Amino acid sequence: MKRLLFSFIIALLINPILVQGQDSQAGDQSARIMHKKIADSLFVLSHGNTNAVLFIDSDYALMIDAHNEEAGSAAYRYAGRLSPLQPVKFVINTHYHADHTGGNKFFFDSGATIIANMGTYSNLLTSMNEDQIEEAKKQRAELKTALKLEGKTEKGQKLAKLLSQSLLKDLEKDADYPILTFSNNLNWELANETIDIATVSNGHTSEDSYVYFQNKNVIATGDLFFNGSYPFIDLKYGGTIEGYLKNIDALLGLCDDNTIVVPGHGPIASINDLIQYKRMIEYTWKGVSMDFLLNKTLDQVKANKSITAQFDAQGFGKGYMSTSKYVEMLYQEASKKYTKSKK
Ligand SMILES: [Zn+2]
């Protein structure tokens with residue numbers, strides 16, 4: 001420990017920027033955390049292009065998101081270095097995805113309470129138990145088919161009993177740590193800041209939260225904003241493109257020209273970046289929808305480069321969502337929306 005401290009001081013003397021900007025000696029060596037101070041007591045801790053936020057109040061600190069499992073311990077140590085006197089006591093998860101929640105356990109083990117909205121908690125549990133639940137659903141379907149064949153015979157009655165016992169919720173295992181949940185909004189009055197945590201629905205996932213630091217005029221959006229890349233919308237877990245656009249409107253309603261917008265992924269942004277992002281989604285969504293309504297196949301839509309060309313040229317397809325995956329997702333949404341309305 002002393003040696004670490006010693007080499008830290010030496011490194012600080014030699015190259016202060018390097019030491020302040022990178023975690024080269026704590027936690028997982030492969031997990032490099034970078035930080036940027038965005039306001040007094042407020043920092044963005046990045047791992048690759050994923051962002052978490054650290055706020056340091058007078059007695060304790062809190063994090064918005066915890067990075068993935070690989071980077072969680074490095075993020076925890078990094079926060080401790082930026083805030084040596086005020087430990088991280090709370091981690092607020094914006095949504096359930098592992099690149100934002102995988103590090104929860106490191107913070108929890110060190111005494112922090114994890115906070116999330118109900119939807120995030122439920123999605124976290126479901127995703128943890130996904131395979132098990134899929135298997136159970138299959139078994140239930142088989143039982144139901146067998147039951148139909150057997151009717152009210154003795155075997156049928158036994159099958160019916162088995163079916164009633166196979167409740168899915170009983171199969172779920174609990175999370176590794178408790179999560180404190182809230183259903184809509186959480187307003188938090190701290191000594192030096194007022195924080196609003198709001199739930200929005202059916203955007204990136206079934207339920208996401210964004211966090212607004214009122215006095216500092218900073219919004220941590222979670223994955224309601226992928227700055228500079230196409231968004232991933234988790235259709236399997238209740239995300240929708242139209243909800244996603246509405247959620248962006250909710251963010252825009254809070255922003256003025258001076259608001260600092262911290263996206264879930266990508267560089268720190270302003271209201272204008274968010275407006276451009278929304279326009280990009282509207283434009284591509286409209287393009288794919290129109291092609292769908294012209295009865296074009298997915299391959300034909302993908303071949304229509306005019307929908308995404310201007311954004312591809314800016315590098316939008318180089319994030320988690322390639323252009324191809326993004327167009328596929330929009331196509332899936334269009335088929336859901338317009339097949340229903342055609343009937
Ligand atoms: Zn996400």
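The values are calculated or read from the model by the stated rules, or taken from the named source; none is laboratory data. Keep in mind that what you see is a predicted model, and the values were worked out from it rather than measured. Here the Cβ positions follow ideal geometry from the backbone for every residue, glycine too, while neighbour counts run over all protein chains shown.
Within region 176-226, the set of residues being of a type in the set (Phe, Trp, Tyr) and more than 19 Å from the chain's Cα centre (by Cα) comprises just one member, Trp188.
Taking the criterion of being near the ligand (Cβ under 10 Å from one of its atoms) and either charged (D, E, K, R) or touching a Gly at 6+ places or on another chain (Cβ under 6 Å) (or both), the residues of region 87-108 that qualify are Thr94, His95, Asp99. The set of residues in region 204-220 being under 27 Å from Thr323 (Cβ atoms) and either part of a loop (DSSP other than H, G, I, E, B) or within 11 Å of the ligand (Cβ to nearest atom) (or both) consists of His204, Thr205, Ser206, Asp208. Considering the conditions (1) within 16 Å of the ligand (Cβ to nearest atom); (2) without any contact (Cβ under 8 Å) to a residue 60 or more places away in the chain; (3) not basic (Lys, Arg), Ile307 is excluded by exactly one of them, (1).
Note on region 312-335: residues that are in contact (Cβ under 8 Å) with a residue 40 or more places away in the chain and more than 23 Å from the chain's Cα centre (by Cα) total 3.
Screening the candidates Lys246, Lys216 for the property of being in contact with a strand residue (DSSP E or B) (Cβ under 9 Å, 6 or more places away or on another chain), in contact (Cβ under 8 Å) with a residue 24 or more places away in the chain, buried (at least 17 other Cβ atoms within 10 Å of the Cβ) and assigned by TED's automatic domain parsing to the domain that holds Gly119 yields one hit, Lys216.
Of all residues in region 87-121, those that are among the small types (Gly, Ala, Ser) and in contact (Cβ under 8 Å) with a residue 60 or more places away in the chain total 2. Looking across region 224-233 at every residue that is crowded, with 21+ Cβ neighbours inside 10 Å and near the ligand (Cβ under 10 Å from one of its atoms), the one that is farthest from Ala309 (Cα to Cα) is identified as Leu224. Looking at region 111-149 only, could you name the residues that are at pLDDT 95 or above, more than 16 Å from the ligand (Cβ to nearest atom) and either crowded, with 17+ Cβ neighbours inside 10 Å or of a type in the set (Ser, Thr, Tyr) (or both)? Within region 111-149, Ala112, Thr113, Ile114, Ile115 meet the criteria.
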